[in-house]
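Note sheet for the following structure.
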Amino acid sequence: MEIRDNKLFLGGVSAEKLALEFGSPLYVYEEDTLRQRIKDLKTCITYPDLRIHYACKANTNVTLMRILREEGAYLDAVAPGEVFLALRAGYKPEQILYTGNSTSRADLEFCKQHGLLVNVESLTQLDTYGEMNPGARIAVRINPDVGAGHHGHCITGGPDSKFGIYQDKIGDVMDLAGRRRLQVVGLHSHIGSGILDLSIYLEVMDIILGLAQEFRNLEFIDFGGGIGVPYRPGEKPIDMPSFGKAVTEKFSAYVKKAGRQMALAMEPGRYLVCEAGFLLTTVNNVKETPKHRFVGTDTGFNHLIRPMAYGSYHEIVNASNVQDVRESVVVAGNICESGDVFTRDEHGPVDRELSKVRINDILAICNAGAYGFSMSSNYNSRPRPAEILVKNGQARVIRRAETMENLLYGME
Ligand code: LLP
């Protein structure tokens, strides 16, 4: 992202030009940023047998998944649909770890058919899968009694969390796996999403490494995703070199002391794709109430639900007029619910200083690459926008916009 003549450019292409050519609203991804994040991670974690499982729930555009595969990513899938897309993106079944939640027998059958490694996350699932696939290799997801995340909805460890097998049930896992002749080759935990203080990540590593002693056939340990990115001005990015060093040292010390050979796996979603993505939208409307000046756009929580779901902050740049006098506005969507406001917290609208906004200006909602399109919907019967990849001044469509006809799918 850069500014030229007071206009925003993404991957060397003007945001205004992109909206004109491909329509508005529009999701745009910078290929260089995408490639850079995974490279950063791989450079900073120097443990030789490292596996980065891209948590594709963050963004399942097949082109982006393919780019990450080219950069050496493996894959974390949570549903058969994600596996289907991953296979299309060229991932091999042995590169995919399947971590479902409340997984059905049919989904387990799908995993068996496709030769996937299943990351079992309850004792009942362990029993069912053992009955269906005796002798299978499995991984086990542990709830380490600790959780963290940017919002309560995104904390996946501790007693309030429905995920994983509680750490005090390890004995039961061993018994049941033994009875069902399942080989536990992987241990896993994922404590939550959007964590900017990674000291807790390192603490959880200690807990999981402590439990790893019990399992003799481990080929890898996966410490999950959760690495946060700064959304608000003033939030500090993760110090990746020191985090990478700490993770590498901890894991290396463990394998050396335990005399074991094991891969170190992680499952970032947000960190890899968030900052590469922007949602471009056009200003349709400006109006005032005694409290706020509302700027109305041509998108809404149907296309980016994070502000509405978690009160999340997303930086917004006036791409048509980047530096002008600042004015206090509330940026809203076009969906028929009062919660449909992009500048908000958990309680409601919050004024934001934006460079002077005029009708037809293009606004860029930043950090939209993760959990943007993948959580979008057709609410209010609005088709989803196109997705565009930009690099070196070139733009190409990586997903066409939906049409009205798509809204009828399966009903006629
Ligand atoms: N592994 C597992 C098992 C997960 O459930 C998740 C995310 C990840 C990895 C990747 O986490 P990440 O590195 O992206 O933090 N919709 C929310 C985030 C939900 C995350 C769900 N699980 C948001 O927009 O903030």
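Restricting E275, E267 to those that are within 20 Å of T156 (Cα to Cα), in contact with a Gly (Cβ under 9 Å, 6 or more places away or on another chain) and of a type in the set (D, E, K, R) reduces the list to E267. Here the range 288-326 is the region considered, the condition is being open to solvent by 40 Å² or more (accessible area, probe 1.4 Å) and of a type in the set (A, V, I, L, M, F, W, C), and the residue that is farthest from the ligand (Cβ to nearest atom) is V325.
Summed over the range 229-260, residues that are without any contact (Cβ under 8 Å) to a residue 40 or more places away in the chain, more than 16 Å from the ligand (Cβ to nearest atom) and not charged (D, E, K, R) total 5.
Only one entry in N101, N59 is outside the structural domain of V322 (by TED's automatic domain parsing), within 13 Å of the ligand (Cβ to nearest atom), surrounded by fewer than 24 Cβ atoms within 10 Å (Cβ to Cβ) and touching a residue at least 60 places away in the same chain (Cβ under 8 Å), namely N101. Of the residues in the range 268-278, not one is open to solvent by 10 Å² or more (accessible area, probe 1.4 Å) and away from the ligand (no atom under 16 Å from the Cβ). Could you list, in sequence order, all residues of the range 16-46 that are open to solvent by 30 Å² or more (accessible area, probe 1.4 Å) and in contact with a strand residue (DSSP E or B) (Cβ under 8 Å, 6 or more places away or on another chain)? Answer for the range 16-46, where residues must be open to solvent by 30 Å² or more (accessible area, probe 1.4 Å) and in contact with a strand residue (DSSP E or B) (Cβ under 8 Å, 6 or more places away or on another chain): E16, E21, F22, S24, D32, K42. So, in the range 155-170, of the ones that are assigned to a helix (DSSP H, G or I) and more than 10 Å from P144 (Cα to Cα), which residue ends up least open to solvent (accessible area, probe 1.4 Å)? So the residue we want is I170. Only one entry of G410, G333 meets the criterion of being closer than 14 Å to L279 by Cα, away from the ligand (no atom under 16 Å from the Cβ) and open to solvent by 10 Å² or more (accessible area, probe 1.4 Å), and that entry is G333. When the range 392-412 is filtered for residues that are in contact (Cβ under 8 Å) with a residue 40 or more places away in the chain and more than 18 Å from S377 (Cβ to Cβ), the ones remaining, listed by number, are N392, G393, Q394, A395, V397, I398. Of the residues S242, S189, which is in the same structural domain as G147 (by TED's automatic domain parsing), at pLDDT 95 or above and within 21 Å of D172 (Cα to Cα)? Of S242, S189, the one residue that is in the same structural domain as G147 (by TED's automatic domain parsing), at pLDDT 95 or above and within 21 Å of D172 (Cα to Cα) is S189.
Pairs linking a residue in the range 107-127 that is among the aromatic types (F, W, Y) to a residue that is outside any loop (DSSP other than H, G, I, E, B), with Cβ atoms under 6 Å and 6 or more positions apart or on different chains, are F110/P80. Consider the range 201-228 and keep the residues that are assigned to a loop (DSSP other than H, G, I, E, B) and in contact with an Asp or Glu (Cβ under 9 Å, 6 or more places away or on another chain). The one that is nearest to the ligand (Cβ to nearest atom) is G225. Once the range 187-200 is narrowed to residues that are crowded, with 22+ Cβ neighbours inside 10 Å and within 13 Å of the ligand (Cβ to nearest atom), the residue that is farthest from K236 (Cα to Cα) is H188.
The values are calculated or read from the model by the stated rules, or taken from the named source; none is laboratory data. Treat the numbers as computed from the prediction; the structure is a model and nothing was measured. Here Cβ is always computed from backbone atoms with ideal geometry, including for glycine, and neighbour counts include all displayed protein chains. Protein only, heavy atoms only, side chains kept; ligands, DNA and RNA dropped before computing areas. Shrake-Rupley method; radii C 1.70, N 1.55, O 1.52, S 1.80 Å.
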